[in-house]
Amino acid sequence: MSARGSGRRSFSISVKTKLGTLVVVSVFITTGLLLVALRTETELRFITVFSVIATLLITQFVAHGLTAPLDEMNTVAKGISHGDYTRRVRGADRRDELGDLACTINRMADDLEAVDRHRKELVANVSHELRTPIAALRAVLENVVDGVCAADPETMGTALKQTERLGRLVETLLDLSRLDNGVVPLRAHRFEVWPYLSGVLKEANLAATRRRLPSASGLHTRTDVHLHLDVSPPELTAHADAERLHQVVANLIDNAVKHSPPHGRVTVRARRGPSAESLDLEVVDEGPGIPEQERHRVFERFNRGGAPSPHGPGSDGGTGLGLAIARWAVDLHGGQIGVAESARGCRILVTLPGVHSARD
């Protein structure tokens, strides 16, 4: 127990003590009035009336102090049962059992409010992530139907890959619902970084070729931005969950492309981290960058930034979930993500810890 909690307990007065004190005070008042009656020859009936009135007044005062918090707790509990998690019980600083009960109810309301918020965020995150493979699959099928490309094995293989990814996202829905309980396992394994990131960039380029393609964060028609991959050494390997890492890279690329100037360049850079199979990943664009005072907020859910990009045609700000999803996936690995200093544009730095530090 904390020192604060111990101090509160050491000076607490229980309800039983208060009730016992009420009885003792009533007895003393009655006895005192009887002594006054004997010494002043006052009639006993008057003393009895005064004694009853005084006892009732004191009892009413004490009872109000005990029942008022219970009425408020009942009101708050009814609100919670109807889905209102914003109200709290006053009197949590009382030094008795009612104060402890008020603290418990307030903690319960906090927990239920957090669960409700996380449930809504879960639905938003899952819906958001399902859009990317559906959009890419639709782009492939539209190209085939319009005669832009033939239904050859390579094209259909790309469609199959997106369908498989869509299936994996649906299968992890229940796992995502248990995210905040820390029971979502990472399916981490060793992989080669260059071919993996090359495939992610290829999917991003394919998605951008579709007319008014819904991206992971909004609607844009950016086909003028060049995506560049820089992996050193070329044989670099890492240990991570490929599906979660795909969420990180895809969302960072999408965000960088939207805020790039016309004919800009987005660079995805990968380097070996300090520990075994760890990875340092950077996504750098040439856009207006992020003001320093906004950098701590860019990974918050539904944050779209303080101002729209003056470049980036079609940049609508998106849903504000892309970077929040990227941070969640990195946190699940036990890694770090943040906005790093850059002479030009925006530079997002991701650090994945490798074999021994990822959270299971």
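Some notes on this structure:
- Candidate cross-link partners of Lys258 among the aspartates and glutamates, defined by an alpha-carbon separation under 15 Å and a same-chain spacing of 8 or more, comprise Asp224, Asp285, Glu286, Asp316.
- Neighbourhood net charge (13 Å Cβ-Cβ; Lys/Arg +1, Asp/Glu -1) for His189: -1
- Using a simple spin-label model with pseudo-atoms 7 Å out from Cα toward Cβ, Arg297 and Leu56 lie 6.0 nm apart.
- Check: region 238-281 dipole with +1 on Lys, Arg Cβ and -1 on Asp, Glu Cβ, in debye: 240 debye
- Charges were assigned to the Cβ only: +1 to each Lys and Arg, -1 to each Asp and Glu. The resulting dipole of region 119-170 about its Cα centre is roughly 380 debye.
Each value in this text was obtained by applying a stated rule to the coordinates, not by laboratory testing. Nothing here was measured: the structure is a model prediction, and the numbers come from that model. Neighbour counts run over all protein chains shown; Cβ positions are idealised from the backbone, glycine included.
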